[in-house]
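J.: Provided herewith is a single structure, encoded as C-alpha coordinates, for subsequent inquiry.
The values are calculated or read from the model by the stated rules, or taken from the named source; none is laboratory data. Keep in mind it's a predicted model, so treat the numbers as computed, not measured. Note: accessible area is taken over every heavy atom of the protein model, side chains too, but ligands, DNA and RNA are not part of it. Shrake-Rupley method; radii C 1.70, N 1.55, O 1.52, S 1.80 Å.
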Amino acid sequence: MLLPADFEPLWAAPESVGDDGLWFVFHRGNLLVYNEQATPMLPMPSDVLSGALEIDRAAARFVGMLGNMPVWAARAGSAAAPRGHGFENMRALFNRLPDDMLAIGGRAVQMLEFDRTHRFCGACATPTEIHEGGRSRKCPACGETYYPKVSPAMMVIIKRDLPGGRELLLARSGRFQRGMYSALAGFVEPSESIEECIHREALEEVGVKVRDLRYFSSQGWPFPNSLMIAYVADYASGEIVPQEGEIEDARWFTLDNLPVLPHRLSIARRLINSVIGEVAPDHPALGA
Ligand SMILES: [Zn+2]
(Lines give C-alpha, C1' and ligand atoms only; values in the text may rest on other atoms or scores of the structure.)
Protein backbone atom coordinates (compact mmCIF):
# COMPACT_ATOMS: atom_id res chain seq x y z
CA MET A 1 0.00 0.00 0.00
CA LEU A 2 1.44 3.31 -1.06
CA LEU A 3 -0.04 6.73 -0.46
CA PRO A 4 -1.05 8.34 -3.78
CA ALA A 5 1.23 11.01 -5.25
CA ASP A 6 -1.43 13.73 -4.94
CA PHE A 7 -2.08 12.99 -1.26
CA GLU A 8 -0.53 15.38 1.22
CA PRO A 9 -0.50 13.85 4.72
CA LEU A 10 -1.25 16.58 7.27
CA TRP A 11 -2.11 16.59 10.96
CA ALA A 12 -4.23 19.72 11.18
CA ALA A 13 -6.76 21.03 8.65
CA PRO A 14 -5.85 24.24 6.81
CA GLU A 15 -8.00 27.25 7.93
CA SER A 16 -9.83 27.41 4.61
CA VAL A 17 -11.04 23.81 4.66
CA GLY A 18 -14.58 22.85 5.63
CA ASP A 19 -15.66 19.37 6.61
CA ASP A 20 -16.79 18.38 3.13
CA GLY A 21 -14.57 15.82 1.45
CA LEU A 22 -13.71 12.20 1.75
CA TRP A 23 -14.73 10.58 5.05
CA PHE A 24 -13.19 7.36 6.31
CA VAL A 25 -15.76 6.27 8.86
CA PHE A 26 -14.96 3.32 11.09
CA HIS A 27 -17.08 1.20 13.39
CA ARG A 28 -15.13 -1.30 15.50
CA GLY A 29 -12.27 -1.08 13.02
CA ASN A 30 -14.47 -1.75 9.99
CA LEU A 31 -14.60 0.85 7.20
CA LEU A 32 -17.80 2.28 5.75
CA VAL A 33 -17.91 1.73 1.96
CA TYR A 34 -20.34 1.49 -0.91
CA ASN A 35 -21.68 -2.02 -1.19
CA GLU A 36 -22.03 -2.28 -4.95
CA GLN A 37 -19.67 -5.00 -6.08
CA ALA A 38 -19.25 -3.94 -9.70
CA THR A 39 -18.14 -0.36 -9.07
CA PRO A 40 -14.99 0.85 -7.40
CA MET A 41 -15.85 1.44 -3.80
CA LEU A 42 -15.15 4.83 -2.28
CA PRO A 43 -15.78 6.17 1.19
CA MET A 44 -18.72 8.53 1.35
CA PRO A 45 -18.62 12.29 0.96
CA SER A 46 -19.81 14.11 4.07
CA ASP A 47 -23.10 15.27 2.54
CA VAL A 48 -24.41 11.72 2.72
CA LEU A 49 -23.13 10.99 6.21
CA SER A 50 -26.25 9.91 7.96
CA GLY A 51 -27.30 11.02 11.43
CA ALA A 52 -28.08 7.38 12.17
CA LEU A 53 -24.36 6.65 12.19
CA GLU A 54 -23.95 8.81 15.34
CA ILE A 55 -20.64 10.26 14.22
CA ASP A 56 -18.87 12.37 16.81
CA ARG A 57 -17.81 15.27 14.59
CA ALA A 58 -15.83 16.91 17.41
CA ALA A 59 -13.60 13.82 17.63
CA ALA A 60 -13.10 13.58 13.85
CA ARG A 61 -9.49 13.62 12.72
CA PHE A 62 -8.13 15.50 9.74
CA VAL A 63 -5.97 13.07 7.73
CA GLY A 64 -4.63 15.19 4.85
CA MET A 65 -5.47 16.58 1.42
CA LEU A 66 -6.15 14.38 -1.62
CA GLY A 67 -5.58 16.90 -4.41
CA ASN A 68 -7.81 19.76 -3.21
CA MET A 69 -10.17 17.47 -1.28
CA PRO A 70 -9.87 17.23 2.50
CA VAL A 71 -9.78 13.73 3.96
CA TRP A 72 -11.31 13.00 7.38
CA ALA A 73 -11.39 10.08 9.75
CA ALA A 74 -14.18 9.48 12.24
CA ARG A 75 -15.77 6.85 14.38
CA ALA A 76 -19.43 5.89 14.05
CA GLY A 77 -21.31 5.24 17.27
CA SER A 78 -23.69 2.95 15.40
CA ALA A 79 -23.30 0.44 12.57
CA ALA A 80 -26.59 1.63 10.99
CA ALA A 81 -25.08 2.21 7.53
CA PRO A 82 -27.13 4.20 5.01
CA ARG A 83 -28.82 2.30 2.16
CA GLY A 84 -26.26 0.96 -0.32
CA HIS A 85 -23.39 1.11 2.17
CA GLY A 86 -21.86 -1.22 4.68
CA PHE A 87 -19.03 -1.59 7.16
CA GLU A 88 -16.30 -3.96 6.03
CA ASN A 89 -13.07 -5.26 7.48
CA MET A 90 -10.11 -3.46 5.89
CA ARG A 91 -8.27 -6.71 5.20
CA ALA A 92 -11.30 -8.02 3.31
CA LEU A 93 -11.24 -4.87 1.17
CA PHE A 94 -7.81 -5.69 -0.24
CA ASN A 95 -9.17 -6.94 -3.55
CA ARG A 96 -11.86 -4.33 -3.97
CA LEU A 97 -10.81 -0.95 -2.62
CA PRO A 98 -8.18 0.84 -4.74
CA ASP A 99 -4.71 0.48 -3.29
CA ASP A 100 -4.26 4.22 -2.65
CA MET A 101 -7.59 4.36 -0.79
CA LEU A 102 -6.43 1.48 1.41
CA ALA A 103 -3.22 3.37 2.17
CA ILE A 104 -5.09 6.53 3.19
CA GLY A 105 -7.55 4.39 5.17
CA GLY A 106 -4.58 2.85 6.97
CA ARG A 107 -3.35 6.28 8.01
CA ALA A 108 -6.90 7.28 9.04
CA VAL A 109 -7.54 4.26 11.25
CA GLN A 110 -4.16 4.58 12.95
CA MET A 111 -4.78 8.24 13.81
CA LEU A 112 -8.15 7.34 15.35
CA GLU A 113 -6.55 4.46 17.25
CA PHE A 114 -3.89 6.79 18.58
CA ASP A 115 -6.56 9.11 20.00
CA ARG A 116 -8.60 6.23 21.40
CA THR A 117 -5.69 4.60 23.21
CA HIS A 118 -3.96 7.77 24.49
CA ARG A 119 -6.80 9.66 26.14
CA PHE A 120 -5.03 9.46 29.49
CA CYS A 121 -1.40 9.87 30.49
CA GLY A 122 0.21 6.48 31.10
CA ALA A 123 2.46 8.00 33.77
CA CYS A 124 -0.03 9.96 35.90
CA ALA A 125 -3.51 9.20 34.44
CA THR A 126 -4.37 12.85 33.70
CA PRO A 127 -6.42 13.33 30.47
CA THR A 128 -4.04 14.18 27.60
CA GLU A 129 -4.44 17.07 25.15
CA ILE A 130 -3.83 17.35 21.41
CA HIS A 131 -0.33 18.76 20.88
CA GLU A 132 1.81 19.93 17.96
CA GLY A 133 -1.24 20.44 15.77
CA GLY A 134 -2.35 16.84 16.30
CA ARG A 135 0.98 15.10 15.73
CA SER A 136 1.20 14.13 19.40
CA ARG A 137 -0.74 14.17 22.67
CA LYS A 138 0.68 15.77 25.78
CA CYS A 139 -0.11 15.44 29.47
CA PRO A 140 -0.82 18.91 30.92
CA ALA A 141 0.15 17.72 34.43
CA CYS A 142 3.49 15.93 34.03
CA GLY A 143 4.46 16.90 30.46
CA GLU A 144 4.77 13.35 29.11
CA THR A 145 4.27 13.43 25.32
CA TYR A 146 2.84 10.57 23.27
CA TYR A 147 3.20 9.87 19.55
CA PRO A 148 1.28 7.41 17.38
CA LYS A 149 2.82 3.99 17.77
CA VAL A 150 4.63 2.50 14.79
CA SER A 151 6.08 -0.97 15.37
CA PRO A 152 8.96 -1.95 13.08
CA ALA A 153 8.93 -5.55 11.96
CA MET A 154 11.31 -7.44 9.72
CA MET A 155 10.35 -9.70 6.87
CA VAL A 156 12.84 -11.99 5.17
CA ILE A 157 12.76 -14.38 2.23
CA ILE A 158 15.48 -17.01 2.59
CA LYS A 159 16.71 -18.59 -0.64
CA ARG A 160 19.30 -21.11 -1.75
CA ASP A 161 20.52 -22.03 -5.21
CA LEU A 162 21.07 -25.76 -5.67
CA PRO A 163 22.15 -27.58 -8.86
CA GLY A 164 18.45 -28.36 -9.41
CA GLY A 165 17.47 -24.70 -9.20
CA ARG A 166 16.43 -22.05 -6.72
CA GLU A 167 14.57 -22.96 -3.53
CA LEU A 168 12.67 -20.67 -1.16
CA LEU A 169 12.21 -21.24 2.56
CA LEU A 170 8.54 -20.49 3.24
CA ALA A 171 6.62 -20.94 6.46
CA ARG A 172 3.04 -20.87 7.60
CA SER A 173 1.35 -19.81 10.80
CA GLY A 174 -1.85 -21.43 12.01
CA ARG A 175 -3.56 -18.06 11.44
CA PHE A 176 -2.94 -18.18 7.67
CA GLN A 177 -5.60 -19.30 5.20
CA ARG A 178 -5.40 -22.98 4.33
CA GLY A 179 -2.39 -23.93 2.22
CA MET A 180 -0.75 -20.50 2.29
CA TYR A 181 2.95 -20.06 3.03
CA SER A 182 4.91 -16.82 3.27
CA ALA A 183 8.24 -15.25 4.13
CA LEU A 184 9.31 -15.07 7.78
CA ALA A 185 8.31 -12.01 9.79
CA GLY A 186 8.77 -10.78 13.33
CA PHE A 187 8.82 -7.67 15.48
CA VAL A 188 12.02 -5.83 16.27
CA GLU A 189 12.93 -5.91 19.97
CA PRO A 190 14.24 -2.96 22.01
CA SER A 191 17.74 -1.85 21.00
CA GLU A 192 17.92 -4.43 18.20
CA SER A 193 18.84 -3.58 14.59
CA ILE A 194 16.72 -4.91 11.74
CA GLU A 195 19.61 -7.14 10.70
CA GLU A 196 20.02 -8.56 14.21
CA CYS A 197 16.28 -9.17 14.31
CA ILE A 198 16.46 -11.13 11.02
CA HIS A 199 19.27 -13.38 12.29
CA ARG A 200 17.47 -13.97 15.60
CA GLU A 201 14.06 -14.65 14.08
CA ALA A 202 15.42 -16.98 11.39
CA LEU A 203 17.08 -19.05 14.09
CA GLU A 204 14.06 -18.93 16.45
CA GLU A 205 11.33 -19.54 13.88
CA VAL A 206 12.90 -22.12 11.58
CA GLY A 207 16.29 -22.98 13.12
CA VAL A 208 18.48 -21.81 10.23
CA LYS A 209 21.34 -19.34 9.91
CA VAL A 210 21.33 -16.79 7.09
CA ARG A 211 23.90 -14.56 5.44
CA ASP A 212 24.22 -11.76 2.88
CA LEU A 213 21.16 -9.72 3.91
CA ARG A 214 19.94 -7.33 1.23
CA TYR A 215 17.34 -4.63 1.80
CA PHE A 216 14.30 -4.99 -0.46
CA SER A 217 11.58 -2.47 0.46
CA SER A 218 9.30 -1.36 3.27
CA GLN A 219 5.57 -0.90 3.71
CA GLY A 220 3.31 0.57 6.36
CA TRP A 221 0.88 -2.09 7.53
CA PRO A 222 -2.05 -0.76 9.56
CA PHE A 223 -3.00 -4.09 11.17
CA PRO A 224 -2.64 -2.54 13.64
CA ASN A 225 0.48 -0.35 13.34
CA SER A 226 3.43 -2.15 11.80
CA LEU A 227 6.14 -0.95 9.48
CA MET A 228 7.27 -4.00 7.53
CA ILE A 229 10.93 -3.79 6.47
CA ALA A 230 11.74 -6.53 3.97
CA TYR A 231 15.02 -8.24 3.15
CA VAL A 232 16.35 -11.03 0.98
CA ALA A 233 18.81 -13.43 2.64
CA ASP A 234 20.86 -16.41 1.53
CA TYR A 235 20.69 -19.64 3.48
CA ALA A 236 23.90 -20.35 5.40
CA SER A 237 23.38 -23.47 7.54
CA GLY A 238 21.04 -25.54 9.68
CA GLU A 239 18.11 -27.92 9.26
CA ILE A 240 14.57 -26.52 9.36
CA VAL A 241 12.98 -26.84 12.82
CA PRO A 242 9.64 -24.98 13.01
CA GLN A 243 9.20 -23.04 16.26
CA GLU A 244 6.56 -24.70 18.38
CA GLY A 245 3.41 -22.61 18.86
CA GLU A 246 4.53 -20.06 16.23
CA ILE A 247 5.23 -21.87 12.98
CA GLU A 248 2.83 -24.61 11.92
CA ASP A 249 5.05 -25.75 9.05
CA ALA A 250 8.15 -24.55 7.20
CA ARG A 251 9.94 -26.11 4.27
CA TRP A 252 11.98 -25.56 1.15
CA PHE A 253 9.93 -25.08 -2.01
CA THR A 254 11.26 -25.41 -5.54
CA LEU A 255 9.91 -22.84 -7.98
CA ASP A 256 7.88 -25.47 -9.87
CA ASN A 257 6.09 -26.56 -6.71
CA LEU A 258 5.15 -23.35 -4.88
CA PRO A 259 2.30 -23.28 -2.33
CA VAL A 260 -0.48 -20.65 -2.14
CA LEU A 261 1.29 -17.30 -1.74
CA PRO A 262 0.14 -14.04 -0.05
CA HIS A 263 -1.97 -11.44 -1.85
CA ARG A 264 -0.26 -9.62 -4.72
CA LEU A 265 -0.60 -6.22 -2.99
CA SER A 266 1.25 -7.35 0.12
CA ILE A 267 4.93 -6.65 0.57
CA ALA A 268 5.39 -10.36 1.34
CA ARG A 269 4.26 -11.27 -2.16
CA ARG A 270 6.36 -8.58 -3.83
CA LEU A 271 9.35 -9.82 -1.86
CA ILE A 272 8.75 -13.46 -2.82
CA ASN A 273 8.12 -12.49 -6.46
CA SER A 274 11.40 -10.58 -6.57
CA VAL A 275 13.47 -13.68 -5.86
CA ILE A 276 11.38 -15.81 -8.23
CA GLY A 277 11.75 -13.20 -10.98
CA GLU A 278 15.55 -13.13 -10.67
CA VAL A 279 15.82 -16.68 -12.00
CA ALA A 280 12.42 -17.26 -13.66
CA PRO A 281 11.13 -14.03 -15.23
CA ASP A 282 8.23 -15.85 -16.90
CA HIS A 283 7.09 -17.75 -13.80
CA PRO A 284 3.26 -17.85 -13.58
CA ALA A 285 3.35 -16.66 -9.94
CA LEU A 286 4.54 -13.27 -11.16
CA GLY A 287 1.38 -12.63 -13.13
CA ALA A 288 -1.18 -13.92 -10.65
ZN1 LIG B 1 1.05 12.76 33.09
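J.: Hey, if we sort 113, 239, 15 by accessible area with the 1.4 Å probe, largest down, what's the order? It would help to have the intermediate numbers written out before the result.
T.: Working: 113 60, 239 145, 15 185 Å².
Of 113, 239, 15, the descending order of accessible area is 15, 239, 113.
J.: A follow-up question, please. What angle, in degrees between 0 and 90 and rounded to the nearest 10, separates the Cα long axis of helix 267-279 from the longest principal axis of the Cα atoms of the chain?
T.: 30
J.: With a 1.4 Å probe and all protein chains kept in place, how do 147, 181, 34 rank by accessible area, largest first? Let's see the in-between values first.
T.: Numbers: 147 120, 181 20, 34 65 Å².
My answer, sorted largest first, is 147, 34, 181.
J.: Okay, next question. Considering the alpha-carbon set of region 7-112 alone, what are its Rg and its Dmax in angstrom?
T.: Gyration radius and largest Cα-Cα distance of region 7-112: 12.7, 38 Å.
J.: How much accessible surface does residue 16 have with a 1.4 Å probe, in Å² rounded to 10?
T.: Its accessible surface works out to 110 Å², give or take rounding.
J.: Could you please put 176, 120, 114 in sequence from largest to smallest accessible area, using a 1.4 Å probe?
T.: Details: 176 65, 120 110, 114 5 Å².
Solvent-accessible surface, decreasing: 120, 176, 114.
J.: Leaving out ligands, DNA and RNA, what percent of the accessible area of the chain is carbon and sulfur, probe 1.4 Å?
T.: On the way: 7440 of 14570 Å².
On the chain, the fraction of accessible area on carbon and sulfur atoms equals 51 percent.
J.: Next question, about the same structure. What percent antiparallel are the DSSP beta bridges of the chain, to the nearest 5? Please list the in-between numbers first.
T.: Numbers: 49 of 64 bridges.
Bridges in the chain are about 75 percent antiparallel.
J.: Under a straight-distance cross-link criterion of Cα-Cα below 13 Å, which aspartates and glutamates are reachable from residue 149, leaving out those fewer than 8 residues away in the same chain?
T.: 113, 115
J.: Between the helical axis of 99-117 and the dominant principal axis of the chain, each derived from Cα atoms, what acute angle in degrees is found, rounded to the nearest 10?
T.: Approximately 70 degrees, to the nearest 10.
J.: Using only helices, what value at 222 nm comes out for the chain when you add -39,500 (n - 2.57) per DSSP H run of length 4 or more and divide by the total residues, to the nearest 500 deg cm²/dmol? All intermediate terms of the calculation are to be shown ahead of the outcome.
T.: Values: 3 runs with 45 residues, N = 288.
When only DSSP H runs of four or more count, the value is -5000 deg cm²/dmol.
J.: Rounded to the nearest Å, what's the spacing between the alpha carbon centres of region 89-168 and region 183-228? Just the number, please.
T.: Taking the Cα centre of each part, region 89-168 and region 183-228 sit 17 Å apart.
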